[in-house]
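The values are calculated or read from the model by the stated rules, or taken from the named source; none is laboratory data. Because the structure is predicted, anything quoted here is derived from the model rather than measured. Cβ placement follows ideal geometry from the backbone for every residue including glycine, while neighbour counts extend to all protein chains displayed. The accessibility values were calculated without ligands, DNA or RNA, using every heavy atom of the protein model including side chains. Shrake-Rupley method; radii C 1.70, N 1.55, O 1.52, S 1.80 Å.
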Amino acid sequence: MTAPIETTGADVRPETVLEGAGRKEIEGRSLGRIAWMRFKRDKAAMAGGIVVVLLILTAVLSKPLQSLLGLDPDAFNQSLVDPVMLAPKGALGGISWDHPLGVEPQTGRDILARILEGSWVSLVVAVGSTLLSVVIGVVMGVVAGFYGGWVDSFISRLMDTFLAFPLLLFAISISASLQGNAFGMEGLTLRIAVLIFVIGFFSWPYIGRIVRAQTLSLREREFVEAAKSLGARGPFILFRELLPNLIAPILVYATLLIPTNILFEASLSFLGVGIAPPQASWGGMLTQAVDLYEVDPMFMVIPGMAIFITVLAFNLLGDGLRDALDPRGK
């Protein structure tokens, strides 16, 4: 009779002790996949992300959508306006199948066409100014946090100086002074460029402080010390070691900064120093509605809701990204 063969622990593969190991292999998950799984569980963030994607598509395709729907943002329709009261004919600001969001008082211009036309202006200014402030803020913050010493002191005092500027008054003065032709640009192109520069250039200290604080923490980590011991120089450590670990806070802050810049652009247009008519903009529409809201309240409600939904969607998306990329921040 043959004695049973005893199996020692060293002879047993670890996978065989797991129930069902032969059915499905154990699969590792990347940090990006884990963050995506966390993000998907946040229903509010998913809803905000979907709305943001739709808004971006609407802004990019605003001209084709206007052509497809037969809309003209600058076409006057005086027959749709009461000549005495100057209010749109019909209920809720003249809403009909031909004009789903109604028409403007006095002019009769289609509000849906104006909203579509103003969407790309607001997003271009907001995204452009955000990119400018992120680039400047990240570079300044990383350099200040990594090198320290007099470099950190100089950049920190520079941030304090920029934060002390009355940004709204400064933006009004610059936007009002740069009219007509300047820097080889004119008209709408000049106004958009000025808004992007003013909003972006004076907003970089906010993200600069965040990046500096994160860099001060990361520069003491083991992987930075290992890179230094292998002979890596400052620029290599900055762009190959530190920046990849700063992507998450930069992405989150940029997402939260876009709605702030949308509101800032709308505020400047509301004050008359942003996008000039006849070009449609959401802030400009609110400016016109101030004198006409008693005649047609919907003329103020619709562009106000457009700004509200856009800002809310970006904020929900930013909050969801923050929780997904840094769950410890909950």
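So here's what we get for this one:
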quantity	calculated
Percent accessible area from carbon and sulfur atoms, the range 173-264, protein chains only, probe 1.4 Å	61
Exposure rank, largest accessible area first [138, 53; 1.4 Å]	53, 138
Largest to smallest principal axis extent of the C-alpha atoms in the range 244-303, angstrom	54, 21, 15
Kirkwood-Stokes translational diffusion coefficient of the range 267-330, alpha-carbon pairs, 37 °C, 0.692 mPa s, µm²/s	242
Rounded Å value of the spacing that divides the Cα centres of the range 59-118 and the range 185-261	42
Rounded percent of accessible protein surface that carbon and sulfur make up, the range 88-149, 1.4 Å probe	75
Shape call, the range 183-223: gyration tensor on alpha carbons, a/c limit 1.5	prolate
206, 253, reordered so the largest accessible area comes first (probe 1.4 Å)	206, 253
Percent RCO, i.e. relative contact order, over the chain, from Cα pairs under 8 Å lying at least 6 residues apart	24
Carbon plus sulfur fraction of accessible area for the range 280-330, probe 1.4 Å, in percent	65
Accessible area of the chain divided out per residue, in Å², using a probe of 1.4 angstrom	57
For the chain, projected area of the alpha-carbon convex hull averaged over all directions, nm²	28.3
Ordering of 207-214, 94-101, 73-80 by burial proxy (mean other Cβ atoms within 10 Å per residue, highest first)	207-214, 94-101, 73-80
